[in-house]
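Novice: Attaching a single structure in structure tokens format; questions to follow.
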Amino acid sequence: MRNIGKSYKEVIALNDISFDVADGELFGLIGPDGAGKTTLFRILCTLIVPDQGEARVRGLDVVEDFRSIRKSIGYMPGRFSLYQDLTVQENLEFFATIFGTTIEQNYHLVRDIYTQLEPFKQRLAGDLSGGMKQKLALCCALIHKPEVLFLDEPTTGVDAVSRKEFWQMLKRLKKDGLAILVSTPYMDEAALCDRIALMQNGRILDINTPQKISEEFVGVLYAVKSSRVYDLLIALRAHPLVLSCYAFGEYLHVTLAKSEDSKELESHLQNQGFSDLKIHLVTPGIENVFMQLLQQTDEK
Amino acid sequence: MKEHPAISANNLTRKFGSFIATNAISFEVKKGEIFGFLGANGAGKTTAMRMLCGLLAPTSGSATVAGYDVASYPEKVKQHIGYMSQKFSLYEDLTVKENFLFYGGVYGLRRKEILLRLNDMLKRLDLVHALNTRVGELPLGWKQKLSFSLAMLHQPEIIFLDEPTGGVDPITRRKFWDLIYEAAHQGVTIFVTTHYMDEAEYCDRVSIMVNGVIEALDSPENLRSKYQAETMDAVFQELARGTITL
């Protein structure tokens, strides 16, 4: 992709997007609703045309060569797009047939996933749970042996166990050499990608490996805890040494400019009556960095 | 008057034909508590929640919400609770003001009272300028805050939040939790479902439903120590793994 731009009336959905995804790479687009992830998928899957820039999928231009591209990609849109009134098996047969193949011919590609669905193959797709629907949609996107897989928020609304299983499947597919572009609002999934792009309001804020992105955190991060969570949050945010403070799982995450500040903060809080205070240094993750980048863009 | 628990479920059961969606669940939620209601897709959360909101009659067992029996007084229950979900929220083609006047009217509040409370809420959310904007034009994060305020408009004792934070960025998600903490601090009881396991940690107590029954119920800290897990995500994986989610 080179300098891709797309606007809807006065709304800029995508602004100067450029990056490459290699064969066998699992690439994540990370960002909230409205970041431009779905627009980008639609351009790459040849469903809409960009206003600016050019994009190629396996060397083919998304505008000129859209017919050839459509044969060699698998696309799983964000909204469940299978036929709800067809059974599990009928859906898969349908997708195989329109791509001129059969389930038997490419069964090896979907075997791991489809074996979990087979006990329910006579069930209507509309009657499956969220996690099962996603597995079926993935099978349907894979059955014609695509070279590139586009997955638009495949795990949104799916429970934590099914999400984990879904990502294990992606890891296996990647090993077979498939290039995978996947979007997600879940930060824990970002860490499972080879590389990620952090997106907000049509722009890429950062692009790198999860490890490198985690290292970009500015300042030092502390985890703080007390039984009086709400009071602690108020006290921390009011303190001049605290650059930011957000709830983070069991703890509150507090950003300070330097580690020496933590001693002063700790004694301040103890004076305020937080007797059961726990405070320790933590290694920042992708979510911390993303929050810092979002905060910087807000301030600009 | 004797202080009643915010929510009390006693062998609450709902069957659909031969399928038992919610199987004899019993628990209590204290006033002002943030109670996390977790479970895999298809574990029976939505069915249980609909019964507690007076929208679906139990097959057997009982539950009281805000002191009212859900089967006998579903309308009373509805008056005393607030409800917010990602799917059902505001009318996109009405302005913020029109939405509040409409819902306030449904709850029998006077126009003057509604506008007074709305003004107060918008000030605290720093959204006064959005008063006459059509909801469809607002960013998702604002809509979520407004939906929450709307659910609180009739000053309910308990608020049910069904996956309230889907699709927003990590900062917006946390700012939403600031609202939850604030409400709980003022004595409102919070009953919340989520797929974000870090949010489970923000709750005072958490229940985990598996195949229609409550498999675990305790504070996040106690659950982590009981299952020797470092995070609530690990606890959830341990309990919900291997269950068939249909």
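Novice: Consider A:ARG56 carefully, then state whether it is surrounded by 14 or more Cβ atoms within 10 Å (Cβ to Cβ), farther than 21 Å from A:GLU189 by Cα and of a type in the set (D, E, K, R). Explain how you work it out, then say what you get.
Specialist: Details: surrounded by 14 or more Cβ atoms within 10 Å (Cβ to Cβ): yes; farther than 21 Å from A:GLU189 by Cα: yes; of a type in the set (D, E, K, R): yes.
For A:ARG56, the condition - surrounded by 14 or more Cβ atoms within 10 Å (Cβ to Cβ), farther than 21 Å from A:GLU189 by Cα and of a type in the set (D, E, K, R) - is met.
Novice: List the helices (runs of 4 or more DSSP H) inside the range A:121-225, counting only whole elements, that have at least 1 residues being modelled with pLDDT under 95 and in the same structural domain as A:VAL57 (by TED's automatic domain parsing). Even if it seems obvious, please write down each step before you answer.
Specialist: Working: elements: A:130-142, A:160-175, A:187-190, A:210-214.
Per the criteria, A:130-142, A:160-175, A:187-190.
Novice: Taking the range A:81-110, which residues are open to solvent by less than 50 Å² (accessible area, probe 1.4 Å), in contact (Cβ under 8 Å) with a residue 40 or more places away in the chain and not in a helix (DSSP H, G or I)?
Specialist: Correct list: A:LEU82, A:THR101, A:ILE103.
Novice: Looking at (1) surrounded by fewer than 17 Cβ atoms within 10 Å (Cβ to Cβ); (2) touching a Pro at 6+ places or on another chain (Cβ under 6 Å), find the lone condition where A:ASP16 falls short.
Specialist: Looking at each condition in turn, A:ASP16 falls short on (2).
Novice: In the range A:255-300, which residue that is among the aliphatic types (A, V, I, L, M) and away from chain B (no Cβ under 14 Å) is most open to solvent (accessible area, probe 1.4 Å)?
Specialist: The selected residue is A:LEU281.
Novice: Does the range B:123-137 contain any residue that is under 21 Å from B:GLY187 (Cα atoms) and surrounded by 14 or more Cβ atoms within 10 Å (Cβ to Cβ)?
Specialist: yes
Novice: If you check A:LYS135, A:LYS164, A:LYS145, which single one turns out to be under 17 Å from A:TYR107 (Cα atoms) and within 14 Å of another protein chain (Cβ to nearest Cβ)?
Specialist: A:LYS135
Novice: What's the number of the only condition in (1) within 28 Å of B:GLN186 (Cβ to Cβ); (2) open to solvent by less than 80 Å² (accessible area, probe 1.4 Å) that A:ARG237 fails to meet?
Specialist: Result: A:ARG237 fails condition (2) only.
Novice: Just a yes or no: is a residue in the range B:189-208 outside any strand (DSSP E or B) and more than 12 Å from chain A (Cβ to nearest Cβ)?
Specialist: Looking through the range B:189-208, none of the residues is outside any strand (DSSP E or B) and more than 12 Å from chain A (Cβ to nearest Cβ).
Novice: Continuing with the same structure: How many residues does the range A:111-126 contain that are in contact (Cβ under 8 Å) with a residue 40 or more places away in the chain and more than 18 Å from A:VAL161 (Cβ to Cβ)?
Specialist: Total meeting the criteria: 3.
Novice: While we're looking at this one, here's another question. Report, by residue number, each residue of the range A:23-50 that is away from every other protein chain (no Cβ under 14 Å), in contact with a strand residue (DSSP E or B) (Cβ under 7 Å, 6 or more places away or on another chain) and either more than 20 Å from A:ARG67 (Cα to Cα) or open to solvent by 80 Å² or more (accessible area, probe 1.4 Å) (or both).
Specialist: Once the filter is applied, which keeps residues that are away from every other protein chain (no Cβ under 14 Å), in contact with a strand residue (DSSP E or B) (Cβ under 7 Å, 6 or more places away or on another chain) and either more than 20 Å from A:ARG67 (Cα to Cα) or open to solvent by 80 Å² or more (accessible area, probe 1.4 Å) (or both), the range A:23-50 yields A:ASP23, A:GLY24, A:GLU25, A:LEU26, A:PHE27, A:GLY28.
Novice: Then there's this: Against the condition touching a residue at least 24 places away in the same chain (Cβ under 8 Å), in contact with a strand residue (DSSP E or B) (Cβ under 6 Å, 6 or more places away or on another chain), open to solvent by less than 50 Å² (accessible area, probe 1.4 Å) and not basic (Lys, Arg), how does A:LEU252 come out, does it pass? Explain how you work it out, then say what you get.
Specialist: On the way: touching a residue at least 24 places away in the same chain (Cβ under 8 Å): yes; in contact with a strand residue (DSSP E or B) (Cβ under 6 Å, 6 or more places away or on another chain): yes; open to solvent by less than 50 Å² (accessible area, probe 1.4 Å): yes; not basic (Lys, Arg): yes.
Yes.
Novice: List pairs: first in the range A:149-171 and free of Cβ contacts under 8 Å to residues at least 24 places away in the same chain, second part of a helix (DSSP H, G or I), Cβ under 8 Å, 6+ apart or cross-chain?
Specialist: Once the first residue is free of Cβ contacts under 8 Å to residues at least 24 places away in the same chain and sits in the range A:149-171, its partners that are part of a helix (DSSP H, G or I) give A:ALA160/B:MET197; A:ALA160/B:ASP233; A:ALA160/B:PHE236; A:ALA160/B:GLN237; A:ALA160/B:ALA240; A:LYS164/B:GLN237.
Novice: Still on this structure: Given the criterion within 19 Å of the chain's Cα centre (by Cα) and open to solvent by less than 10 Å² (accessible area, probe 1.4 Å), identify the matching residue among A:GLY157, A:GLY131. I'd like the intermediate steps shown before the answer.
Specialist: On the way: A:GLY157 fails: open to solvent by less than 10 Å² (accessible area, probe 1.4 Å).
Going through A:GLY157, A:GLY131 in turn, just one is within 19 Å of the chain's Cα centre (by Cα) and open to solvent by less than 10 Å² (accessible area, probe 1.4 Å): A:GLY131.
Novice: More than 10 Å from every other protein chain (Cβ to nearest Cβ), open to solvent by 20 Å² or more (accessible area, probe 1.4 Å), over 27 Å from A:LEU128 (Cβ atoms) and modelled with pLDDT of 95 or more: does that describe B:LEU223?
Specialist: Values: more than 10 Å from every other protein chain (Cβ to nearest Cβ): yes; open to solvent by 20 Å² or more (accessible area, probe 1.4 Å): no; over 27 Å from A:LEU128 (Cβ atoms): yes; modelled with pLDDT of 95 or more: yes.
No: the conditions fail for B:LEU223.
Novice: While we're looking at this one, here's another question. Which residues, counting only those in the range B:1-47, are of a type in the set (Lys, Arg), surrounded by fewer than 18 Cβ atoms within 10 Å (Cβ to Cβ) and touching a residue at least 40 places away in the same chain (Cβ under 8 Å)? Walk me through how you get there before you give the answer.
Specialist: Of the residues in the range B:1-47, the ones of a type in the set (Lys, Arg) are B:2, B:14-15, B:30-31, B:45.
Now restrict to residues that are surrounded by fewer than 18 Cβ atoms within 10 Å (Cβ to Cβ): B:2, B:15, B:30-31.
Across the range B:1-47, the qualifying residues are B:LYS15, B:LYS30, B:LYS31.
Novice: Would you mention how many residues in the range B:72-106 are part of a loop (DSSP other than H, G, I, E, B) and surrounded by fewer than 15 Cβ atoms within 10 Å (Cβ to Cβ)?
Specialist: Residues in the range B:72-106 being part of a loop (DSSP other than H, G, I, E, B) and surrounded by fewer than 15 Cβ atoms within 10 Å (Cβ to Cβ): 6 in total.
Novice: Shifting gears a bit: Considering only the range A:201-221, I want to know if a residue exists there that is open to solvent by less than 20 Å² (accessible area, probe 1.4 Å) and in contact with a Pro (Cβ under 6 Å, 6 or more places away or on another chain).
Specialist: Scanning the range A:201-221 turns up at least one residue that is open to solvent by less than 20 Å² (accessible area, probe 1.4 Å) and in contact with a Pro (Cβ under 6 Å, 6 or more places away or on another chain).
Novice: When residues of the range B:160-180 are filtered for being within 7 Å of chain A (Cβ to nearest Cβ), on the phi < 0 side of the Ramachandran plot and touching a residue at least 60 places away in the same chain (Cβ under 8 Å), how many remain?
Specialist: 1
Novice: Check off (1) part of a strand (DSSP E or B); (2) within 18 Å of B:ASP218 (Cα to Cα) for B:LYS31 and give me the number that stays unchecked.
Specialist: (1)
Novice: How many residues does the range B:48-70 hold that are surrounded by fewer than 17 Cβ atoms within 10 Å (Cβ to Cβ) and touching a helix residue (DSSP H, G or I) at 6+ places or on another chain (Cβ under 9 Å)?
Specialist: Total meeting the criteria: 3.
Novice: Might you check whether a residue that is assigned to a loop (DSSP other than H, G, I, E, B) and facing another protein chain (nearest Cβ under 7 Å) occurs anywhere in the range B:229-236?
Specialist: Looking for residues that are assigned to a loop (DSSP other than H, G, I, E, B) and facing another protein chain (nearest Cβ under 7 Å), one finds at least one in the range B:229-236, hence yes.
The values are calculated or read from the model by the stated rules, or taken from the named source; none is laboratory data. This structure is a prediction, so every number in the text was calculated from the model and none was measured. Backbone-built Cβ (ideal geometry, glycine too); neighbour counts: all protein chains shown. Remember, those area values only see protein heavy atoms, side chains included, never the ligands or the DNA or RNA. Shrake-Rupley method; radii C 1.70, N 1.55, O 1.52, S 1.80 Å.
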